[in-house]
Amino acid sequence: TESARFESFMQGVVVANGITIGIELDTQWDCFRWLNIAYVVFYTFEVFAKIQRQRCRFFWGPGAAWNYLDLCISVAGLAEFFAIPAWSAIYYAVYGEPSLLSRSSSFLAMLPIFRLLRLLRLYKLLTRFRALNKLVLGIAAAMQSTLW
């Protein structure tokens with residue numbers, strides 16, 4: 001998990017996930033679900049690999065805050081892909097009609113929103129490249145003036 005090749009691969013996954021989230025806002029495509037599952041698999045594998053490699057340092061060592069973010073992203077992604085279908089199946093078995101998440105459970109309906117946490121990983125990526133970080137912060141500062 002600390003090799004340059006692994007880090008570069010995971011950075012590519014983060015960038016691809018950010019692009020996918022942006023495209024998903026404007027486009028309807030059935031394959032987005034499968035792409036999101038793939039991203040959750042990559043993130044979950046990364047968390048397990050880091051825990052295996054770092055042991056207790058994963059939770060208390062340097063970079064522990066980013067590790068907790070990665071863990072939350074993985075858990076929320078897994079919950080989204082397992083809890084919602086499980087709830088729908090249980091609801092159908094009990095009531096005999098399909099579940100509408102908006103009326104059945106507000107927490108389950110909010111699970112897809114946790115996908116936006118993945119965008120924080122883009123910020124983590126930016127902090128590693130000082131020049132790119134300055135560029136993005138400069139653009140963000142310039143954008144604030146357009147809001148007035």
Problem set entry | Matching residues in region 76-127 - criterion: being at pLDDT 85 or above, over 27 Å from residue 42 (Cα atoms) and open to solvent by 60 Å² or more (accessible area, probe 1.4 Å) | 90, 92, 93, 94, 95, 97
For this session: Kindly indicate whether any position in region 37-50 is in contact with a Gly (Cβ under 9 Å, 6 or more places away or on another chain), assigned to a helix (DSSP H, G or I), buried (at least 17 other Cβ atoms within 10 Å of the Cβ) and among the aliphatic types (A, V, I, L, M).
Result: yes
Seminar exercise, completed: Flagged pairs (Cβ under 9 angstrom, 6 or more apart or on separate chains; first in region 54-80, free of Cβ contacts under 8 Å to residues at least 12 places away in the same chain; second of a type in the set (Val, Ile, Thr) and in a helix (DSSP H, G or I)) are 58/47; 58/51; 59/51; 75/44; 75/47
Exercise. Hey, residue 47 hits all of (1) free of Cβ contacts under 8 Å to residues at least 40 places away in the same chain; (2) under 16 Å from residue 112 (Cβ atoms) but one; which does it fall short on?
Worked result: (2)
Problem set entry | Positions within region 9-27 being of a type in the set (A, V, I, L, M), surrounded by 13 or more Cβ atoms within 10 Å (Cβ to Cβ) and free of Cβ contacts under 8 Å to residues at least 60 places away in the same chain, in sequence order | 10, 13, 16
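Kindly indicate whether residue 57 is open to solvent by 80 Å² or more (accessible area, probe 1.4 Å), among the basic types (Lys, Arg) and over 19 Å from residue 115 (Cα atoms).
Numbers: open to solvent by 80 Å² or more (accessible area, probe 1.4 Å): yes; among the basic types (Lys, Arg): yes; over 19 Å from residue 115 (Cα atoms): yes.
Criteria met by residue 57.
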Exercise. Residue check: is residue 68 assigned to a helix (DSSP H, G or I) and surrounded by fewer than 16 Cβ atoms within 10 Å (Cβ to Cβ)?
Worked result: yes
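The values are calculated or read from the model by the stated rules, or taken from the named source; none is laboratory data. Remember, it's a predicted structure, so these values are computed and weren't measured experimentally. So basically every Cβ, Gly included, is an ideal-geometry build from the backbone, and we count neighbours across all protein chains shown. To get the accessible areas, we keep the full protein, side chains included, count just its heavy atoms, and leave off ligands, DNA and RNA. Shrake-Rupley method; radii C 1.70, N 1.55, O 1.52, S 1.80 Å.
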